[in-house]
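See below for the structure under consideration.
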Amino acid sequence: MLVFINGIIGHYYPPKGIDFTLILIPIVTLIMCFASKNLNSIFKSLSISMLVIINDILIKLYSGGTHDLEGLEWIHAFMYMGIIIGLIILSINVIKNKEENIFLKISSILLIPLLVYIYQHFFYQLGLGRQYPI
């Protein structure tokens, strides 16, 4: 829900959607990690990475303004900073979980960067050249 609200904010107030990405990713990670105790850590990682990817798609395709290479780099910079903070939060949550083995813990921590890397590899310039009046 927060991701779609950020997409709407990004459409009507263009630079704010990019700015809120830095706050949104850690908040989504906190909600997924600490509000859902009975979820598997792999499922938490998949959910967080899918929400990060959906947020990136919404910003690149529906945010207002002119979409150029400089704006694309700002989007990626804020996304990567948010992912780093989110990975720290996820790592703390996964390490504290005593019920899972070490392989699942390491896999769940490495899954988010892997999925985001695969997404960025194929859709790095998504939305480039689009123009929306502000």
Exercise. Based on other C-beta atoms within 10 Å, arrange LYS105, LYS60 from fewest to most.
Key: LYS105, LYS60
Quiz item: For the residue pair TYR80 and ASN38, what label-to-label distance in nm results when each label sits 7 Å from Cα along the Cα-to-beta-carbon direction?
Solution: 4.0
Practice problem: Compute the distance in nm between two label points, each set 7 Å from the Cα along the Cα-to-Cβ direction, one at LEU114 and one at SER47. | Solution: 2.0
Exercise. List ASP68, ASP56 from most exposed to least, where exposure is judged by having the fewest other Cβ atoms within 10 Å.
Key: ASP68, ASP56
Quiz prompt | Rounded to 10°, Cα long-axis angle of helix 102-123 versus longest principal axis of the chain | solution = 20
Practice problem: Would you mind computing, in nm to one decimal, how far apart the modelled labels at TYR62 and SER91 are, each placed 7 Å from Cα along Cα→Cβ? | Solution: 3.3
Quiz item: Amide H neighbours of THR66 under 5 Å, counting only residues 5+ apart in sequence or on other chains, H built in-plane at 1.01 Å?
Solution: TYR132
Quiz item: Does anyone have the angle between helix 41-62 and the longest principal axis of the chain? Alpha-carbon axes, 0 to 90°, nearest 10?
Solution: 0
Quiz item: Going by alpha carbons, how many degrees (0 to 90, nearest 10) lie between the helix axis of 14-34 and the longest principal axis of the chain?
Solution: 10
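When only DSSP loop residues count, what GluC sites (Glu not before Pro) in segment 31-131 have their Cβ near at most 11 other Cβ atoms within 10 Å? List each step's numbers first, then the result.
Values: sites: GLU70, GLU73, GLU99, GLU100; in loops: GLU99, GLU100.
Here the sparse-neighbourhood loop sites are GLU99.
Just so you know, all these numbers are worked out from the coordinates, no wet-lab data involved. These numbers were taken from a predicted model, which means no experiment stands behind them. Positions of Cβ are generated from backbone atoms using ideal geometry, with glycine treated the same way; all protein chains shown enter the neighbour counts.
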